[in-house]
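One structure is given below, encoded as structure tokens.
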Amino acid sequence: MKKLFDVQLPFFVPLWRRIALVVACLVWAGLEYAWGNPGWALLFLGIGTWCAHQFFIAFDPPDPGEGT
């Protein structure tokens, strides 16, 4: 089933890529907050939290032989 924001892709199977994306979103949220932009900070905090959930709780990597 295709979703609008499908992060269950073979690209994200390596753990370092999932960690890097979550850390980048959360660091960017912190920077936006420090720069006085709470709206953008909240947006990136939400994106980082959602990605953390998708990558570390709900992640179900596709089988290597499964086509797209």
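Just so it is clear, none of the values below were taken in a lab; they were calculated from the coordinates. Just so it is clear, the structure is predicted and the values come from calculations on it, not from any experiment. All Cβ positions, even for glycine, are placed from backbone atoms using ideal geometry, and neighbour counts span all protein chains on display.
Values for this structure:
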item: Helix-derived mean residue ellipticity, 222 nm - over the chain, DSSP H n ≥ 4, -39500 (n - 2.57), to 500; result: -19500 deg cm²/dmol
item: For the stretch 46-60 and the stretch 1-40, distance of Cα centres in Å; result: 9
item: Net charge contributed by nearby residues that have their C-beta within less than 13 Å of Phe55 (K/R +1, D/E -1); result: 0
item: Volume of the Cα convex hull of the chain, divided per residue and given in Å³; result: 80
item: Nearest-0.05 FRET efficiency for Asp6 and Leu43, computed from C-beta distance (R0 30 Å); result: 0.90
item: Additional length obtainable on full extension of the chain from Ala58 to Leu15, 0.36 nm per residue less Cα span; result: 14.1 nm
